[in-house]
1. Here is a list: B:110, B:164. Which entry is loosely packed, with under 15 Cβ neighbours inside 10 Å and facing another protein chain (nearest Cβ under 9 Å)?
2. Could you pull out the residue among B:189, B:182 that is within 11 Å of chain A (Cβ to nearest Cβ), surrounded by fewer than 11 Cβ atoms within 10 Å (Cβ to Cβ) and free of Cβ contacts under 8 Å to residues at least 40 places away in the same chain?
3. Which condition from (1) in a loop (DSSP other than H, G, I, E, B); (2) closer than 30 Å to residue B:153 by Cβ is the one that residue A:211 breaks?
4. Need at least 2 residues that are within 26 Å of residue A:87 (Cβ to Cβ) and facing chain B (nearest Cβ under 9 Å) per element, so show me which helices (runs of 4 or more DSSP H) inside segment A:101-177 make the cut, counting only ones lying wholly within it.
5. Of everything in segment A:132-175, what is more than 24 Å from the chain's Cα centre (by Cα) and under 28 Å from residue B:145 (Cβ atoms)? Give them in sequence order.
6. If a residue must be in contact with a helix residue (DSSP H, G or I) (Cβ under 9 Å, 6 or more places away or on another chain) and in a helix (DSSP H, G or I), how many such residues does segment A:286-300 contain?
7. Here is a list of conditions, (1) assigned to a helix (DSSP H, G or I); (2) exposed (fewer than 14 other Cβ atoms within 10 Å of the Cβ), and residue A:222 meets all of them except one; can you say which number that is?
8. Exactly one of (1) facing another protein chain (nearest Cβ under 9 Å); (2) without any contact (Cβ under 8 Å) to a residue 12 or more places away in the chain; (3) over 40 Å from the mean Cα position of the chain (by Cα) is unmet by residue B:175. Its number?
């Protein structure tokens, strides 16, 4: 007998009359439901032996799943949650400990473990778990937050304080410090909050925004002299080279709020004198607003004049052949009747080009 | 004489009877009127009770909004800036209050960023609604003394505090509240019997959903072409 060739040649290459679509194939495959097993018959558990049998079966399933895939945290968590639901706390703890042996860096595991202890009113167990979590993974903010929140819920405020202190030793980012400060403010401990702010600025003082926030805090808590001291220390900290215009503008606006307009003017002038040209735009804007609100006509005029002078200087610095800029500049100087020497100097410079 | 008197008596009696009847009739009609009016009032009151509680307030607000819309349209036609007009007509302190309430954080949900950020957001929500018990706090401070009450990270305060039952209850209640809020973040989708079947299996369906989530934005054109049968 002739065996059929491996790839029999196709004789009729025309398409068939009735075609089947891929969608139809998929639909038929799905409707066949080959893999769906019928559910096992429902059993009522009547005595302790049957209960033990049922639990043994469930445990076997969970352990099988773990054996199939040890690193999938969900398997461990479902197992532990089930043990918790049948009130087998010791078994649940042991499941979590085994899971931590597998992967101690998993944040969900620690969180679920601690939450289980807290849910079952096991406060000291929960503290133990949190302490371990925080020691092993100190850069995970969730642990610190939930630990301090737990201590606060239990009304153990010194405990919560110590958690925050331990956290701050790691010099975490700004938001973490802010939560500590808000915590102290919540209990109306403004002095301690001040302390925390100062430590915060030791760590994160390179960003002028933090100085502004501290000064705002002092102002809002009714200590404007402290706020002034903060601004001045900030200016010292940054020094001449690294001066930041935001700090100066905020300082001037603070003085405005304190109704110290002369001081505000001094700050603005200092800013204009010491900052490089590119960064003075905002300073000018706020200075003009301040003068319009509180200044005399002469003050306003000097400000506006100096602003426009700066503008022209800039334009001239860019392009010394910018005749329009030169002419406008000279006309401005003449209109404002500046010193003769200055006008002459300006003319000289224009001609020199 | 007596006949005339008696006939006048009779006619008087008849007249009196008529008058009394008329009075009785009028009383009757008045009683019926009052009954009708009472009934109408009862129906009205019943209707008013059945209205939703904020009906009055809602209707007033709707009317006010309608007026605002009309005024805005008028201002548009005349070419004026309606907001500016409005600002000029509000009192200064009220305007400041409105500004202040707007500046206060609204905290909209910006969607999932990463787990740490979401935990921080939850923490802030929980702590802003926390109201500390200041009396207990000051009492505890008196009892514990400042050394223990303001610990540094090195002071030994472990084991000095065991919480009361009520505070543990509070903790447990809070944990359960967090769990219920967590459930709100993922809702069950309805079963769509008319959806296309491109899977053979539940697992396959989930995987196809995942693929769609990532690739649909790039393959829309191709899919439409295939559906149509020809390229555009």
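The values are calculated or read from the model by the stated rules, or taken from the named source; none is laboratory data. As the structure is a computational prediction, the values presented were derived from the model and not from experiment. Cβ: placed from backbone, ideal geometry, glycine included. Neighbour counts: every protein chain shown.
1. That would be B:164, the only listed residue that is loosely packed, with under 15 Cβ neighbours inside 10 Å and facing another protein chain (nearest Cβ under 9 Å).
2. B:182
3. Unmet condition: (1).
4. Working: elements: A:107-119, A:123-136, A:141-153, A:157-169.
Where helices (runs of 4 or more DSSP H) fall fully within segment A:101-177 and carry at least 2 residues being within 26 Å of residue A:87 (Cβ to Cβ) and facing chain B (nearest Cβ under 9 Å), they are A:107-119, A:123-136, A:141-153.
5. Within segment A:132-175, the subset more than 24 Å from the chain's Cα centre (by Cα) is A:132, A:153-159.
Within segment A:132-175, A:153, A:154, A:155, A:156, A:157, A:158, A:159 meet the criteria.
6. Applying the first criterion (in contact with a helix residue (DSSP H, G or I) (Cβ under 9 Å, 6 or more places away or on another chain)) to segment A:286-300 yields A:286-288, A:290-295, A:299-300.
Add one more test, that the residue is in a helix (DSSP H, G or I), and what stays is A:286-288, A:290-294, A:299-300.
Number of matching residues: 10.
7. Just one mismatch for residue A:222, condition (1).
8. (3)
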